[in-house]
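Engineer: Below is a structure I'd like to ask you about.
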Amino acid sequence: MLEKLGQSITKALNKIKNATFVDKKLIKEVIKDIQRALIQADVNVRLVLKMSKEIERRAIYEEVPKGLSKKEHIIKIVYEELIKLLGKEGQKLNIDPKKRNVILLVGIQGSGKTTSAAKLARYIQKMGLKPGLIGADTYRPAAYQQLKQLAEKIHVPVYGDESGKMTPVEIVKEGLNRLKKMDVVIVDTAGRHKEEKELLEEMKKIKEVVNPDEIILVIDGTLGQQAKNQAKAFKEAVGDIGSIIVTKLDGSAKGGGALSAVAEIKAPIKFIGTGEGIDDLEPFDPKKFVSRLLG
Ligand code: GDP
């Protein structure tokens, strides 16, 4: 994951590390290299330009702090601006232990939503809390079965409709009634409809019924710029998206598209999916991510 992007940025930074003299010209050249690397990794162009302007401004005008060389200072700036691009400190789920919390998962079909719902339940279980699941995707026929199988594996109660007669809103209402004793209820939703508009309308309705404590957008980490557009569409439909799960970062995905989604909706990534297994969910740590990115 992200190796190429990391390598390109490291290579650019090495130009500074290995230079005998760091001047404006070199700084500008290195920033150009970093821009190219980010754009190739599908990070939104506007975002890249904004970030590189900030690196340039700081590298040229900011006073070098005591104890650092000019070179170290520039490298630190690049590192900090990359972290800024990814959102603030690694952020935790907002769970209030004194009540039942409801998490609503939204995202396009195939993003890994159902898998992530089960992984999240597993994660919450490992925190020592009681999770429950609701399968409200009535559009994809096998979605509820898939969720049920995963839930059974980890012994988590799950509610859904096998008859095919209930609407998603009815399922969610009934599910919330039955799962009253859980600490956290995770609602899996549809990711596809005949028309995108219908899907977004459905999400809006479910959101009104659920009144979730947190809405999590699930994004496929292998996507490019579509990630940004998806994030925007869901945000317009359901309002505040509290956080993002980026899936499939175990493959060769560069993940730049996800960065653009983060910037678009100004919500932090809280977890990354690193495989198909139920335990393959990691809390997102921007510092670790950038460190790994830059080797
Ligand atoms: P949904 O349509 O959004 O509910 O997507 P699913 O949960 O059914 O996932 C779609 C496919 O992506 C399935 O084959 C999952 O096993 C796979 N998948 C989900 N998350 C990950 C991940 O983090 N890594 C990998 N490699 N595959 C994943």
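The values are calculated or read from the model by the stated rules, or taken from the named source; none is laboratory data. Keep in mind that what you see is a predicted model, and the values were worked out from it rather than measured. Note: ideal-geometry Cβ built from the backbone for every residue, glycine included; neighbour counts use all protein chains shown. With ligands, DNA and RNA removed, areas are computed over all heavy atoms of the protein, side chains included. Shrake-Rupley method; radii C 1.70, N 1.55, O 1.52, S 1.80 Å.
Engineer: Quick one: is V64 touching a His at 6+ places or on another chain (Cβ under 9 Å) and either closer than 15 Å to S260 by Cα or free of Cβ contacts under 8 Å to residues at least 40 places away in the same chain (or both)?
Structural biologist: In short, yes.
Engineer: If you don't mind, there's one more thing I want to ask. Determine if region 19-33 includes at least one residue that is among the aliphatic types (A, V, I, L, M) and under 17 Å from Q7 (Cα atoms).
Structural biologist: Yes, because at least one residue in region 19-33 is among the aliphatic types (A, V, I, L, M) and under 17 Å from Q7 (Cα atoms).
Engineer: Can you find, within region 221-251, the residue that is nearest to the ligand (Cβ to nearest atom) among those that are touching a Phe, Trp or Tyr at 6+ places or on another chain (Cβ under 9 Å) and under 17 Å from V187 (Cβ atoms)?
Structural biologist: In this case the residue turns out to be I245.
Engineer: While we're on this one: If M127 meets every condition in (1) crowded, with 23+ Cβ neighbours inside 10 Å; (2) under 25 Å from the mean Cα position of the chain (by Cα) apart from one, which number is that one?
Structural biologist: Of (1) crowded, with 23+ Cβ neighbours inside 10 Å; (2) under 25 Å from the mean Cα position of the chain (by Cα), only one is false for M127: (1).
Engineer: Here's something else I'd like to know. From L294, L259, which residue is at pLDDT below 80, buried (at least 21 other Cβ atoms within 10 Å of the Cβ), within 20 Å of V43 (Cβ to Cβ) and more than 16 Å from the ligand (Cβ to nearest atom)?
Structural biologist: Step by step, each of L294, L259 is checked, and only L259 is at pLDDT below 80, buried (at least 21 other Cβ atoms within 10 Å of the Cβ), within 20 Å of V43 (Cβ to Cβ) and more than 16 Å from the ligand (Cβ to nearest atom).
Engineer: For region 81-124, which positions are within 15 Å of the ligand (Cβ to nearest atom) and either open to solvent by 40 Å² or more (accessible area, probe 1.4 Å) or hydroxyl-bearing (S, T, Y) (or both)?
Structural biologist: I108, Q109, G110, S111, T114, T115, S116, R122, Y123
Engineer: Is it true that I39 is buried (at least 20 other Cβ atoms within 10 Å of the Cβ) and closer than 30 Å to V246 by Cβ?
Structural biologist: In short, no.
Engineer: Give E282, E264 a once-over and let me know the one that is more than 24 Å from E174 (Cα to Cα) and more than 16 Å from the ligand (Cβ to nearest atom).
Structural biologist: E264
Engineer: Also, I was wondering about something else. Here are V185, V218: which of them is within 16 Å of the ligand (Cβ to nearest atom) and part of a strand (DSSP E or B)?
Structural biologist: Among V185, V218, only V218 is within 16 Å of the ligand (Cβ to nearest atom) and part of a strand (DSSP E or B).
Engineer: What number goes with the only condition from (1) crowded, with 17+ Cβ neighbours inside 10 Å; (2) modelled with pLDDT of 90 or more that I265 does not pass?
Structural biologist: So I265 meets the others, but not (2).
Engineer: When you look at V209, is it aliphatic (A, V, I, L, M), within 12 Å of I108 (Cα to Cα) and either in contact (Cβ under 8 Å) with a residue 24 or more places away in the chain or not in a loop (DSSP other than H, G, I, E, B) (or both), yes or no?
Structural biologist: So V209 does not fit the description; no.
Engineer: Residues in region 166-182: is at least one farther than 15 Å from V102 by Cα and crowded, with 21+ Cβ neighbours inside 10 Å?
Structural biologist: Yes, region 166-182 contains a residue that is farther than 15 Å from V102 by Cα and crowded, with 21+ Cβ neighbours inside 10 Å.
Engineer: Now, a different point. Does region 142-163 contain at least one residue that is open to solvent by less than 80 Å² (accessible area, probe 1.4 Å), away from the ligand (no atom under 16 Å from the Cβ) and either over 21 Å from P212 (Cβ atoms) or not in a loop (DSSP other than H, G, I, E, B) (or both)?
Structural biologist: Within region 142-163 (the criterion being open to solvent by less than 80 Å² (accessible area, probe 1.4 Å), away from the ligand (no atom under 16 Å from the Cβ) and either over 21 Å from P212 (Cβ atoms) or not in a loop (DSSP other than H, G, I, E, B) (or both)), the answer is yes, since at least one residue qualifies.
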